[in-house]
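What follows is a set of notes on a single structure, which appears directly below.
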Amino acid sequence: MSDHAIEALLLEGRRFEPPEAFRARAALRDPRIYEDAQRDPEGFWASIARELHWFRPWTKVLEWAPPYAKWFVDARTNIAYNALDRHLGTPRRNKAAIMWEGEPGDERVLTYADLHREVSKFANVLKGLGVRSGDRVAIYLPMIPELPIAMLACARIGAAHTVIFGGFSAEALRDRINDAQAKVLITADGGWRRGNVVPLKRNADEALEGTPSIQHVVVVRRIGEAAAIHIREGRDHWWHRLMADAALRCEAEPVDSEHLLYILYTSGTTGKPKGIVHTTGGYMAGTYATTKWIFDLREDDVYWCTADIGWVTGHSYIVYGPLLNGATAVMYEGTPDYPEKDRFWAIVEKYGVNVIYTAPTAIRTFMKWGPDHPRRHDLSSLRLLGTVGEPINPEAWVWYYRYIGGERCPVVDTWWQTETGMILISPLPGITTLKPGSATRALPGISAEIVNEQGRPVGPNEGGYLVLTRPWPAMLRGIYGDPERYQQQYWNRFPGMYFTGDGAKRDEDGYIWLLGRVDDVINVAGHRIGTYEVESALVDHPSVAEAAVIGVSHDIKGQAIAAFVTLKEGNAPGTEAVETLKQHVVKKIGALARPEQILFTGELPKTRSGKIMRRLLRDIAEGRIMGDTTTLADPNVVEALKNRYEEEVGS
Ligand code: ATP
Ligand code: MG
């Protein structure tokens, strides 16, 4: 973003105060928490960490030798103990921990006592297969209760998990297993997706042809006969058989605060996925605290995060954060449109969900489908709405607020990354005045800054690079097996500061607006324009559901703007629509942001976690060979777009 300001500013003036009814009962109401944390960040994190159980206390809160941090130095703890055992002597013992909704109508409720028992048994199974503290266990499962059970069982004995999203191919699975050098793989005979079988075990078999580190495979029976899988004697074991013989008791192993908890690969939106390393103590304190503050959980709440556990959102805010808080969490196996497009709202009604946490990509899809689907259900149990994953366009924010939240629920737009482990920028729902499209400000105890090329803070409304200037408890401890990439990717650009890779600006009230990836910024005739602002201007038009904007080479301007647009149901594409939308962008932002080309498309290329992959759109527009596409949700979308683009725009 160099020294230039981002000159294109989407005018977004709407403000939403925390509703009085919400504020009155919110856990955090006093804005002084920010100053308290600022005065003594380490003391602040220590006081939150003390709410958890430590087998041995720390001698020092933080040891910071950039770029390596140690939190809660010398302490010993166990995150599975804190997520389960800690609740057993309390009335939470028989409270639902996980309420699971399976795709073909299956259901299962696990109380804290149930979950503790299953986890302890599976921890014994792992030990029986030779898994020891420090070993890596790969998990390739659908969204079924065995997934959190397996993760917690690893943590219980000090083994690290590496969860690979069940939608990934054999190739992606193999690469990740090899990178992590996993000893055991846990998978299922298959998974259900829209009534069809996903052949997980067959993919795994293919991957296992090139994974010498794997000694044993545990297979959950999810599908049964229809999966028709092969079990290799000696290597493959049925989950239920092993569990039938497993002993009930397995004490949680006290591990060092910096003990490896898991490796998780990033979404791959910008390139080859990175194996992000998270350790125990700081991650535990960070996910515990943020879940408590941001989702404002009450003892009898039902909380639902719609992410897949294969992504960091599922790790931190389906499994660890909620269980550390003794919450009741809904876990859903299926998709939003099966059997009907009202599936999410049917689930909210059925379980009486109070807090829902989902992604802008889902919200934009719901906008495309229209408000009749949520209208068919009683959503009055909802009290708080959350979003994560991409910048949320103000129109999508307002739609969510109005049609899902009934204008009574605050929306927490939470910014964070696989690398950060925990939410870092977000409103506190009982304190913060909301502005649609802004993640508002860094949480108490977190220091975020927006800097220019020289690493100096930029002024109000100037675009810059989002950096973090102090270590935080759940921060990554490295890229697995690649210290050089860790240094180079995050720390070389601005010495002493963590470089997020995201662009942002701060407005006159100090609110942070995420502008998308730094690499996605477009330079039109010397004006730096954030893709996200042009996209938001397009989505602001009533006919548009979703838009992706990229820069394409232009002889005179250097770069010009190309937009890929998905219309809401019932709107027709065509030259008239193109002109209308160009005019709309000019009106919202200015002539400099006028798209040169607009191409209508039914779908946009997205990662499997639902993020728009602009680098592929750039490849299409510039006629280049595609880079890494292993994390793409549907390769056909790119092929179809490529053909259309060449027809309509020329290559
Ligand atoms: P890769 O690093 O492999 O390219 P990725 O960055 O998509 O993949 P994640 O760690 O899942 O992988 O995503 C983190 C990124 O998602 C952030 O850096 C940011 O760009 C985006 N993001 C997440 N939440 C928000 C939010 N609330 N507002 C804006 N952007 C967000
Ligand atoms: Mg990233």
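Each reported figure results from applying straightforward, stated rules to the coordinates on display, with no laboratory input. Since the model is a prediction, treat every value here as computed from it, not as a measurement. Quick reminder, even Gly has a Cβ in these numbers, built from the backbone with ideal geometry, and neighbours come from all protein chains shown.
Taken as Cα centroids, the stretch 319-381 and the stretch 77-139 sit 24 Å apart, rounded to the nearest whole angstrom.
Per-residue ellipticity at 222 nm, computed for the chain from helices alone with -39500 (n - 2.57) per DSSP H run of at least four residues, works out to -7500 deg cm²/dmol.
What ranking of SER536, SER316, SER553, SER213 emerges when the number of other C-beta atoms within 10 Å of each C-beta is taken as an exposure proxy, fewest first?
Numbers: SER536 26, SER316 29, SER553 11, SER213 15.
Exposure proxy ranking, most exposed first: SER553, SER213, SER536, SER316.
Counted by Cβ distance under 15 Å from MET284, the other residues give a net charge of +3, where Lys and Arg count +1 and Asp and Glu count -1. Taking only the C-alpha atoms of the stretch 1-160, Rg followed by Dmax gives 21.8, 61 Å. Seen against the Cα atoms of the chain and their longest principal axis, helix 360-369 is set at about 70 degrees. Most simply put, the stretch 283-440 has about 5% antiparallel DSSP beta bridges, counting only bridges with both residues inside it. Applying a DSSP loop filter and a limit of 13 other Cβ atoms within 10 Å to the GluC sites (Glu not before Pro) in the stretch 321-425 leaves GLU340, GLU407.
Beta bridges per DSSP, both residues in the chain: antiparallel share near 60 percent. Placing dummy labels 7 Å off each Cα toward the beta-carbon, the span from THR580 to ARG193 is 3.5 nm. Quick one: angle between helix 281-294 and the longest Cα principal axis of the chain, in degrees between 0 and 90, rounded to 10, please. For 281-294 against the chain, the angle is about 60 degrees.
The modelled label-to-label distance between ASP628 and ASP300, using points 7 Å beyond Cα along the C-beta direction, is 4.8 nm. Spin-label pair GLU639-ARG50: with each label point 7 Å from Cα along the Cα-Cβ axis, the two points sit 6.1 nm from one another.
For the chain, the calculated P(r), taken from all Cα-Cα distances in 20 Å bins from zero up to the bin holding the longest distance, is 19, 55, 25, 1 percent. Annotation for the stretch 255-332: trypsin sites (Lys or Arg not before Pro) lying in DSSP loop with at most 16 further Cβ atoms inside 10 Å of their Cβ are ARG298.
Put the Cα centre of the stretch 562-627 next to the Cα centre of the stretch 166-236 and the gap is 37 Å. Charged neighbours of LEU264, selected by a Cβ distance under 10 Å, balance to +1 (K, R count +1; D, E count -1).
Looking at the stretch 238-349, I'd like the Rg to Rh ratio, where Rg is from alpha-carbon atoms and Rh is Kirkwood's inverse mean 1/r.
Values: Rg = 17.1 Å, Rh = 16.7 Å.
Taking Rh as the inverse mean 1/r over Cα pairs, Rg/Rh reads 1.02.
Around the amide H of THR440, modelled in the peptide plane, lie the amide H atoms of ILE512, all under 5 Å away and 5 or more residues distant in sequence or on another chain. Between 0 and 90 degrees, the angle of helix 170-180 with respect to the longest Cα principal axis of the chain falls at about 70 degrees. The value given for the stretch 418-514 is a Kirkwood hydrodynamic radius of 14.1 Å, derived from the mean inverse Cα-Cα separation. The rule of thumb for compact globular proteins, 2.2 N^0.38 Å, goes into the C-alpha radius of gyration of the stretch 167-273 1.22 times.
Which one, GLY89, PRO322, TYR403, is farthest towards the positive end of the dipole of the chain when Lys and Arg carry +1 and Asp and Glu -1 on their Cβ? Towards the positive end, the residue furthest out is GLY89. For the stretch 201-318, the share of DSSP beta bridges that are antiparallel, to the nearest 5, is 60%.
Loop-located GluC sites (Glu not before Pro) across the stretch 219-252 with a Cβ neighbour count of 16 or fewer within 10 Å are GLU233, GLU251, with loop assigned by DSSP.
Taking each residue as 0.36 nm, the span from ASP30 to THR59 lengthens on full extension beyond its C-alpha to C-alpha distance by 7.4 nm. Dipole magnitude for the chain: computed about the Cα centre from +1 point charges on Lys and Arg Cβ and -1 point charges on Asp and Glu Cβ, it is near 1240 debye.
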